[in-house]
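Input: a single structure, listed below in structure tokens.
The values are calculated or read from the model by the stated rules, or taken from the named source; none is laboratory data. Note that the structure is a prediction, hence the values are computed from the model and not measured. Virtual Cβ from ideal backbone geometry, glycine too; neighbours counted across all protein chains shown. Ligands, DNA and RNA are stripped out before the accessible areas are found, and what is left, the full protein with its side chains, is counted by its heavy atoms. Shrake-Rupley method; radii C 1.70, N 1.55, O 1.52, S 1.80 Å.
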Amino acid sequence: MSSHEAAPPAPPRRNPCCLCWCCCCSCSCGSAGVESPSALCVFVVCRCHHVLSVLAHTWPQRAEPPSSAIRNEERRRAWRASRESRPQPLPSCEVCATPSPEEVQSWAQSFDKLMRSPAGRGAFRAFLRTEYSEENMLFWLACEELKAEADRHAVDEKARLIYEDYVSILSPKEVSLDSRVREGINKKMQEPSAHTFDDAQLQIYTLMHRDSYPRFLTSPAYRALLLQGGSPSSTEA
């Protein structure tokens, strides 16, 4: 080749995927002027696994060493797989609680009284499971646990797990939230706190109150609890 001839143009630089350690993938990270290590992978094509996926995470990821990021991702996948492969057991404190007849009757007075009772939450959760809406109670309980957490690192991890389990559009346990609440969560997830899901928790609480609670009160399960505990009038009679 003559020294005066122009050299052939270099092939375009491929952006290796930040989530794949086989280095055969490409994604949007580092492209289109995005060079930040915290950029999100929104479109991933993995040739070695023949996978096409869209990631629903909308919070900035902290830059981690490749080995650390891989280990963390593997732990999250294993944790999610174990949760999705079996029904979630009721907490032992709610399973073992034996409500009094008066307590069972009080659940019909207000939804707040039902939700303040460990046994009431257990009975209502078992009912929601029969209606395939148990994720609403699971989400509410997870938010309560998050608000009781004081450790900053634990708050961060629990918030991300709650997002992945109940807010992500890819989760089989996604709860029903309106767009306004979802947008608020997405902004707050940039700096998660114990109150990141407060608006969403209230919305799900209201949904359970208006939709599921009236059916629970007329369900055979609740009537059986009333008969099993007995009522003061029937006892006196």
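Label-point separation (nm) for E144 and A108, each offset 7 Å from Cα along Cα-to-Cβ?
About 2.3 nm separates the two model spin labels.
If you place +1 on the Cβ of every Lys and Arg, -1 on the Cβ of every Asp and Glu, and leave all else neutral, what size is the dipole of the range 101-229 about its Cα centre, to the nearest 20 Debye?
For this selection, approximately 340 debye.
Which lysines, on any chain, are close to K158 with Cα under 18 Å apart, when same-chain ones fewer than 8 places away are left out?
K147, K173, K187, K188
Note down the relative contact order for the range 101-229 as a percent, whole number, built from C-alpha pairs under 8 angstrom at least six residues apart.
29 percent
Please give the contour-minus-distance gain from Y132 to D211: 0.36 nm per residue of separation, less the Cα-Cα distance, rounded to one decimal in nm.
So the chain would gain 27.1 nm between Y132 and D211.
For the range 101-229, what % of the accessible area comes from carbon and sulfur atoms, probe 1.4 Å?
54 percent
Work out the FRET efficiency for S100 and N186 from their Cβ-Cβ distance, taking R0 = 35 Å, and round it to the nearest 0.05.
0.20
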